[in-house]
1. Cβ-Cβ distance below 8 Å, separation of 6 or more or different chains: which pairs start in the stretch 100-127 with a residue that is within 18 Å of Val139 (Cα to Cα) and end on one that is crowded, with 16+ Cβ neighbours inside 10 Å and of a type in the set (Asp, Glu)?
2. Test Val204 against the criterion of being assigned to a loop (DSSP other than H, G, I, E, B) and among the hydrophobic types (A, V, I, L, M, F, W, C), and give yes or no.
3. Can Phe214 be described as buried (at least 19 other Cβ atoms within 10 Å of the Cβ), of a type in the set (Phe, Trp, Tyr), over 20 Å from Ser138 (Cβ atoms) and in the same structural domain as Asp128 (by TED's automatic domain parsing)?
4. Val153 passes all but one of (1) touching a strand residue (DSSP E or B) at 6+ places or on another chain (Cβ under 9 Å); (2) modelled with pLDDT under 95; (3) not small (Gly, Ala, Ser); which number fails?
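The values are calculated or read from the model by the stated rules, or taken from the named source; none is laboratory data. These figures come from a predicted structure and were not determined experimentally. As a convention, Cβ positions derive from the backbone with ideal geometry for all residues, glycine included, and neighbour counts pool all protein chains shown.
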Amino acid sequence: MPRTGQPAIRHVAAVQRAVAVLDALAEGDEDGAAGGALGTNEIARRTGINASTVSRLLATLADAGLVEHVAGSGRYRLGVRLLQLGNAVLAQLDLREIARPQLAALTEATGETSTLSAPGEREAITVDYVQSPSFVRSVAQIGRPSIAHATAVGKVFLAWGGRLPEGPLIEFTARTIVDRERLAAEIEQVRARGYARATGEREVEVSAIAAPVFEARGELVAILGVQGPSARFDEQAMQAALPQLRDRAAAISSALGFGETSTSEEGR
């Protein structure tokens with residue numbers, strides 16, 4: 001048979017039944033059924049598979065570590081090998097590969113430069129970007145740090161676990177927030193509304209908005225941003241770009257295994 005590079009269209013019934021059993025156990029965990037464990041007859045009822053077949057499937061899955069037999073109750077629950085397999089999948093995901101289509105779509109929708117940054121020890125670092133097609137544009141650079149107290153990306157970094165360096169905060173422009181109490185209040189607002197903004201705080205003529213990207217455990221793994229010249233990317237343009245930014249950030253989070261579709265309520 002010639003190879004097409006596409007998955008086969010004929011499925012193995014036994015594997016489909018095994019997946020149905022795993023799905024039933026996962027749903028049982030969501031329902032809070034006996035600590036997530038289900039008996040053979042309950043699984044048979046939920047899947048429509050006869051009990052004797054379910055029993056054999058469970059024995060096979062337990063032998064592989066995909067389900068676990070609870071000796072005290074005779075029930076079954078999902079096994080730790082599924083967690084190991086899930087972690088292996090996450091380890092193979094390339095953040096930039098996943099985010100690239102969202103970056104391109106964000107720039108196409110807004111007309112401005114979109115950036116992807118990864119949180120570091122003291123600041124977030126640009127790891128990818130899509131440049132605005134406009135002749136006058138905000139220029140991004142791979143490896144450029146986003147100053148934590150003076151950029152939208154930096155404020156997201158601080159809102160979800162980042163820390164400021166010791167000592168006085170550098171005043172880049174007249175709009176830079178250098179008072180720590182005022183900055184703390186702003187970061188609290190960022191956390192509450194789910195995004196950050198900065199207008200002329202690091203560079204006089206640059207405005208930006210940014211939103212968090214979360215991985216499966218809910219930890220900040222990246223920051224998605226949009227930036228442009230303040231004369232064009234003004235208050236109205238930033239507000240118009242917000243839905244796109246937040247939708248794209250949520251899409252990347254979802255692809256990384258994060259279960260929520262929104263990080264917070266809408267707000268300004």
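1. What qualifies is Arg100/Asp128; Leu103/Asp128; Thr115/Asp128; Leu116/Asp128.
2. Working: assigned to a loop (DSSP other than H, G, I, E, B): yes; among the hydrophobic types (A, V, I, L, M, F, W, C): yes.
Yes; evaluated as a whole, the condition is true for this residue.
3. Working: buried (at least 19 other Cβ atoms within 10 Å of the Cβ): yes; of a type in the set (Phe, Trp, Tyr): yes; over 20 Å from Ser138 (Cβ atoms): yes; in the same structural domain as Asp128 (by TED's automatic domain parsing): yes.
Criteria met by Phe214.
4. It is condition (2) that Val153 fails.
Results for (1) assigned by TED's automatic domain parsing to the domain that holds Phe233; (2) among the hydrophobic types (A, V, I, L, M, F, W, C); (3) out of contact with any Leu (no Cβ under 9 Å at 6 or more places or on another chain), shown as yes or no for each residue.
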site: Glu108; (1), (2), (3): yes, no, yes
site: Val130; (1), (2), (3): yes, yes, no
site: Val139; (1), (2), (3): yes, yes, yes
site: His149; (1), (2), (3): yes, no, no
site: Val153; (1), (2), (3): yes, yes, no
